[in-house]
Amino acid sequence: MAERVALIDYGAGNLHSVHNALKAAGAASIAVTDDPAVVRAADRIVLPGVGAFAACMGGLSALPGMIDALEARVLGDKVPFLGICVGMQLLADRGLEHGTQQGLGWIGGEVRPMEATATIKVPHMGWNDVAPVAGAPLIEPGEAYFLHSYHFVAADGADVAAVTDHGSPVTAAVARGNILGVQFHPEKSQAYGLGLLRRFLDWTLP
Amino acid sequence: MSVRVRVIPCLDVANGRVVKGVNFVDLKDAGDPVEQARAYDAAGADELCFLDISASHEARGTIIDVVRRTAEVCFMPVTVGGGVRSPEDARALLLAGADKVAINSAAVARPALVGDIAERFGSQCVVASIDARRRTDGEGWEIFTHGGRKATGIDAIEHALNLTRLGAGELLVTSMDRDGTRDGYDLELIRTIADQVDIPVVASGGVGHIGHLVDGVTQGHASAVLAASIFHFGEATIADAHRALAAAGLPARSH
């Protein structure tokens, strides 16, 4: 039986693009779902996200039982998890967008605004380097498409899996065990992005 | 390296078919938009822009279908402009697979629309698109609508700054004096805006050769460069553009 990939539908916008990209990367069975029961039976879980941290966290919290199901399956059963863009930022303890909002708190840290300067534009928009740290899971060095105004500042540097540069180092990915979050958009990063999704679909944990 | 200068081919679409005006109002059919989008995706375009220039409201639905079909086969960011008049219009395009929507005439009539869409879907997906002409007395630029035919009296720089304050995530600045001329961007217009805003500016209108793209960044201070005919008619490839930018010492994607 084909593996079941749950793609969480909580009104966060880029769902169809992620769905199309997972299909192109070879996912055989993708459930686009807002049903906690489907999440509890999933073999892999993808949390997309665009827009504001608070709106996304609000959308996720508004699905009865969804956060509990995610925590049971990801933190408890340790199935492979991928968060994309705001779906990655939600892993933090809190976001500082429009006041302070609680995040999932799976990976310690804060999501803070990026500072524009005379030469650094915000949003950080476009293709930039992805430089994995030694031992980072799934991430290969390359160029990916970023589109964000806030960035993940990890409490423990050991959770940072890759960095990019936008005036100063910016977290491009965080990882801990079976959890991977990427700030960039693999679904919009052509061959590099599809490669990452393919590796995620093949990810087997020790 | 830092964030790359984006090279963005723009496809004008009417009634679901690609067209490109050599002089903006003279249109020439150049094929199926999804096929062209695939070709640009394969060629390593950094983003793609669809501009819907369908005349009638009924024909507007065709762009949704183009975007949906493109998103199934292309894995690059897509901006869609033309006829976006409400948050509902923006939503339909975003759901179909657009990453950003460009708002032009409707933001001239009601600038607050930019804020309405940014609030619902995030600033990152709102491109404020500005069509400007140099004033005849040479003092600054004025906003034009209706494909550059209708003057509004609105100062282009003030309008750009206002839409930025209201929550635009990016500005697409087109010189209607230069559009279709192949004489190069209006670099003073682009630079005047780019130097006053924190958000990225896309230079548009007038590219005749690859060197103009480089000028858009080195002299116009743009973060991204948009062009149509030089790419559509095969005079230059995306890789040529990236190589020229890199040769000028600018960050560009490798091939």
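The values are calculated or read from the model by the stated rules, or taken from the named source; none is laboratory data. Note that the coordinates shown come from a computational prediction; the quantities given were computed from them, not determined experimentally. Virtual Cβ from ideal backbone geometry, glycine too; neighbours counted across all protein chains shown. Ligands, DNA and RNA are excluded from the accessible area calculation, which covers all protein heavy atoms including side chains. Shrake-Rupley method; radii C 1.70, N 1.55, O 1.52, S 1.80 Å.
Summary table below
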{"item": "Length added when fully stretched, B:His57-B:Asp183, from 0.36 nm per residue minus Cα-Cα", "result": "42.0 nm"}
{"item": "Accessible area (Å², 1.4 Å probe, nearest 10) - B:Cys125", "result": "0"}
{"item": "Rounded to whole Å, sorted largest first: equivalent-ellipsoid semi-axes of the stretch A:19-112, Cα gyration tensor", "result": "23, 15, 12"}
{"item": "Mean Cβ count within 10 Å, highest first, over the residues of peptides B:129-138, A:112-121, A:63-72", "result": "B:129-138, A:63-72, A:112-121"}
{"item": "C-alpha center-to-center spacing [the stretch B:161-197, the stretch A:91-112] in angstrom", "result": "35"}
{"item": "About the Cα centre, charge dipole magnitude for chain B (Lys/Arg +1, Asp/Glu -1 at Cβ), debye", "result": "240"}
{"item": "DSSP-defined beta bridges in the stretch A:5-202 - what % are antiparallel, rounded to 5", "result": "60"}
{"item": "The stretch A:5-202: equivalent-ellipsoid semi-axes (sqrt of 5 x gyration tensor eigenvalues, Cα, Å)", "result": "24, 19, 15"}
{"item": "Estimated translational D of the protein assembly as shown in µm²/s (Stokes, Kirkwood radius over Cα pairs; 20 °C; 1.002 mPa s)", "result": "97"}
{"item": "Global form of the stretch A:86-206, assessed from the alpha-carbon gyration tensor, a/c cut-off 1.5", "result": "oblate"}
{"item": "Heavy-atom accessible area ranking, 1.4 Å probe, most first, across B:Glu170, B:Glu35", "result": "B:Glu35, B:Glu170"}
{"item": "List A:Lys23, A:Lys188, ordered by accessible area with a 1.4 Å probe, largest first", "result": "A:Lys23, A:Lys188"}
{"item": "Sum of -39500 (n - 2.57) over DSSP H runs of 4+, divided by residues of chain B (222 nm, nearest 500)", "result": "-10000 deg cm²/dmol"}
{"item": "Förster radius 30 Å - calculated FRET efficiency between B:Arg91 and A:Glu71, Cβ distance, rounded to 0.05", "result": "0.45"}
{"item": "Cα centre as origin, Lys/Arg/Asp/Glu Cβ charges: the stretch A:36-97 dipole, Debye", "result": "120"}
{"item": "With eigenvalues of the C-alpha gyration tensor scaled by 5 and rooted, the stretch B:136-255, Å", "result": "25, 17, 12"}
{"item": "Per-residue mean of C-beta atoms belonging to partner chains within 10 Å, peptide A:123-133", "result": "6"}
{"item": "Counted charge near A:Asp93, where neighbours are those whose Cβ lies closer than 14 Å (Asp, Glu -1; Lys, Arg +1)", "result": "-1"}
{"item": "For chain B, share of DSSP beta bridges that run antiparallel, in % to the nearest 5", "result": "25"}
{"item": "Positive-pole candidate from B:Gly205, B:Leu189, B:Pro77, dipole of chain B, charges at beta carbon", "result": "B:Pro77"}
{"item": "Net charge, A:Thr117 excluded, C-beta distance under 15 Å - Lys, Arg +1, Asp, Glu -1", "result": "-3"}
{"item": "Residue mean of other protein chain beta carbons inside 10 Å, B:182-193", "result": "0"}
{"item": "Residue with peak Gaussian network fluctuation, chain B [Cα springs, cutoff 10 Å], from B:Arg120, B:Arg191, B:Arg178", "result": "B:Arg120"}
{"item": "Whole-Å distance, taken between Cα centres, linking the stretch A:12-66 and the stretch A:126-143", "result": "23"}
{"item": "Listed residues A:Gln101, A:Leu15, A:Ala161: farthest to the positive end of the dipole of the stretch A:5-202 (Cβ charges)", "result": "A:Leu15"}
{"item": "Orphan Cys of the protein assembly as shown, criterion: no other Cys C-beta under 4.7 Å", "result": "A:Cys56, A:Cys85, B:Cys74, B:Cys125"}
{"item": "Cα-based reach from A:Lys188 at 14 Å (exclusive), listing aspartates and glutamates while leaving out same-chain residues under 8 positions away", "result": "A:Glu143, B:Asp41, B:Asp46, B:Glu47, B:Glu72, B:Asp99"}
{"item": "Cβ-placed point charges (K, R +1; D, E -1), dipole of the protein assembly as shown about Cα centre in debye, nearest 20", "result": "420"}
{"item": "Counted charge near A:Val5, where neighbours are those whose Cβ lies closer than 11 Å (Asp, Glu -1; Lys, Arg +1)", "result": "+1"}
{"item": "Simple spin-label estimate for A:Glu3 and B:Arg38 in nanometres, 7 Å along Cα-Cβ", "result": "2.8"}
